[in-house]
Amino acid sequence: MARKLKIYKQSTSGTNYTQVPTIILKGQWLKEAGFNFGEYVEVICEGENITLTKTEAPVIKEELSLEDKINNLNEDQKLKLSKLIDKL
């Protein structure tokens with residue numbers, strides 16, 4: 001199934017309002033093609049081709065606490081950190 005869509009211009013948010021190309025994908029045809037609410041897609045740009053592929057939700061890495069980060073350092077790194085802190 002092929003669709004022809006117009007590329008619009010739209011301002012980015014923020015202070016500079018830069019114009020960027022925008023493609024709007026919406027319609028029952030997406031559902032008919034197997035793309036449903038809440039699902040995720042991977043976007044691959046290769047030259048003049050854009051491919052959308054259904055994918056899993058992105059994995060959000062849990063941020064380690066400062067204590068955990070320090071505990072994960074090797075002895076040499078801990079020594080360097082200690083010397084750095086002493087200089088402060």
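If you go through segment 60-67 one residue at a time, do you hit one that is among the basic types (K, R), at pLDDT below 90 and either assigned to a strand (DSSP E or B) or surrounded by fewer than 10 Cβ atoms within 10 Å (Cβ to Cβ) (or both)? Explain how you work it out, then say what you get.
Taking segment 60-67 and keeping what is among the basic types (K, R), we get 61.
Keeping just the survivors that are at pLDDT below 90 gives 61.
Next, from what is left, pick out any that are either assigned to a strand (DSSP E or B) or surrounded by fewer than 10 Cβ atoms within 10 Å (Cβ to Cβ) (or both): 61.
Looking for residues that are among the basic types (K, R), at pLDDT below 90 and either assigned to a strand (DSSP E or B) or surrounded by fewer than 10 Cβ atoms within 10 Å (Cβ to Cβ) (or both), one finds at least one in segment 60-67, hence yes.
Could you list, in sequence order, all residues of segment 3-26 that are open to solvent by less than 100 Å² (accessible area, probe 1.4 Å) and in a loop (DSSP other than H, G, I, E, B)?
Within segment 3-26, L5, T12, G14, T18, I23, I24, L25 meet the criteria.
State all residues of segment 27-59 that are part of a helix (DSSP H, G or I), free of Cβ contacts under 8 Å to residues at least 24 places away in the same chain and open to solvent by less than 100 Å² (accessible area, probe 1.4 Å); if no residue qualifies, say none.
Once the filter is applied, which keeps residues that are part of a helix (DSSP H, G or I), free of Cβ contacts under 8 Å to residues at least 24 places away in the same chain and open to solvent by less than 100 Å² (accessible area, probe 1.4 Å), segment 27-59 yields only L30.
The values are calculated or read from the model by the stated rules, or taken from the named source; none is laboratory data. Computed from a predicted structure; not experimentally measured. No Cβ is skipped: glycine too gets one built from the backbone with ideal geometry, and neighbour counts run over all protein chains shown. When the accessible area is computed, the model is the full protein with side chains, heavy atoms only, and any ligands, DNA or RNA have been set aside. Shrake-Rupley method; radii C 1.70, N 1.55, O 1.52, S 1.80 Å.
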